[in-house]
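Input: a single structure, listed below in structure tokens.
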Amino acid sequence: MFIEPNLRGERRGWIEVICGSMFSGKTEELIRRLKRAQIARQKVEIFKPNVDNRYSEEKIVSHDANAILSTSVASATEILLHVAEVEIVGIDEAQFFDSELPYVCEQLANRGIRVIVAGLDMDFQGKPFGPMPQLLATAEYITKVHAICMNCGELAHNSYRTAKEDAQILVGEKESYVPLCRSCYNKEMEK
């Protein structure tokens, strides 16, 4: 995909959302799309919430250790301060942003910017997570990626928390979460 001018010579913007469970390849897909845009010499800015510093303060890093430079921000509206003269904005870990993120993405798309957002669509309890439902409702393109269930090997779309913590936000990796299919997730939640 690329930003093409319409008949009036204006750039067209849109929102793409990449969603799924933990370990499904969301960040990997985001990085792939952004690197392709950079190869095409498009002007790209990349953001992540400053709460996610698992691998790096200044990069988005996938679980497979692929990385791309990014800017950590404290709030969604802070993104608007860093996007002069860009064609593409990438946003990782969207579920950790505040409720202003859908508004920010709409503003960027309305300016003719391609916005690519990646995030968990559901939390560890299987409930819609943060601003993701509104982003999914307003996006022109949605890609749902799946992990592999750690119990049975089927496609997984749930992030089951193994750590004994009730807070909705717990930034973690394999020590805190495993991907599970619907059936295995439901069995674990009944225990």
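The values are calculated or read from the model by the stated rules, or taken from the named source; none is laboratory data. The shown structure was predicted, so the numbers you read here are calculated from the model rather than taken from an experiment. Positions of Cβ are generated from backbone atoms using ideal geometry, with glycine treated the same way; all protein chains shown enter the neighbour counts.
Would you point out the residue of region 128-139, among those that are touching a strand residue (DSSP E or B) at 6+ places or on another chain (Cβ under 7 Å) and not in a strand (DSSP E or B), that is surrounded by the most Cβ atoms within 10 Å (Cβ to Cβ)?
This residue is L135.
Pick from I142, I91: which is at pLDDT 95 or above, surrounded by 18 or more Cβ atoms within 10 Å (Cβ to Cβ), in contact with a Cys (Cβ under 9 Å, 6 or more places away or on another chain) and of a type outside the set (S, T, N, Q)? Quick ask: steps written out before the conclusion?
Numbers: I142 fails: surrounded by 18 or more Cβ atoms within 10 Å (Cβ to Cβ).
Among I142, I91, only I91 is at pLDDT 95 or above, surrounded by 18 or more Cβ atoms within 10 Å (Cβ to Cβ), in contact with a Cys (Cβ under 9 Å, 6 or more places away or on another chain) and of a type outside the set (S, T, N, Q).
Looking at P179, P102, which one is closer than 30 Å to Q38 by Cβ, touching a residue at least 12 places away in the same chain (Cβ under 8 Å), of a type outside the set (V, I, T) and assigned to a strand (DSSP E or B)? Before the answer, list the steps.
On the way: P102 fails: assigned to a strand (DSSP E or B).
Only one candidate passes the filter, namely P179.
Residues that are under 22 Å from S21 (Cβ atoms), part of a loop (DSSP other than H, G, I, E, B), modelled with pLDDT of 95 or more and of a type in the set (A, V, I, L, M, F, W, C): does region 58-75 have at least one?
No: region 58-75 contains no residue that is under 22 Å from S21 (Cβ atoms), part of a loop (DSSP other than H, G, I, E, B), modelled with pLDDT of 95 or more and of a type in the set (A, V, I, L, M, F, W, C).
Examine region 85-104 for a residue that is over 17 Å from the mean Cα position of the chain (by Cα) and of a type outside the set (A, V, I, L, M), and state whether such a residue exists.
The answer is yes, given that some residue of region 85-104 is over 17 Å from the mean Cα position of the chain (by Cα) and of a type outside the set (A, V, I, L, M).
Could you say which residue among G126, G130, G112, G153 is on the phi > 0 side of the Ramachandran plot and within 14 Å of the chain's Cα centre (by Cα)?
Of G126, G130, G112, G153, the one residue that is on the phi > 0 side of the Ramachandran plot and within 14 Å of the chain's Cα centre (by Cα) is G130.
Go through region 106-127 and give me each residue that's without any contact (Cβ under 8 Å) to a residue 60 or more places away in the chain and surrounded by 22 or more Cβ atoms within 10 Å (Cβ to Cβ).
F124 - this is the single residue of region 106-127 that is without any contact (Cβ under 8 Å) to a residue 60 or more places away in the chain and surrounded by 22 or more Cβ atoms within 10 Å (Cβ to Cβ).
Quick check on my filter: what residues within region 141-191 are of a type in the set (S, T, Y) and over 17 Å from D121 (Cβ atoms)? Lay out the reasoning, then the answer.
Residues of region 141-191 that are of a type in the set (S, T, Y), as a first pass: 141, 143, 159-160, 162, 176-177, 183, 185.
Listed by number, the residues that qualify are T162, S176, S183.
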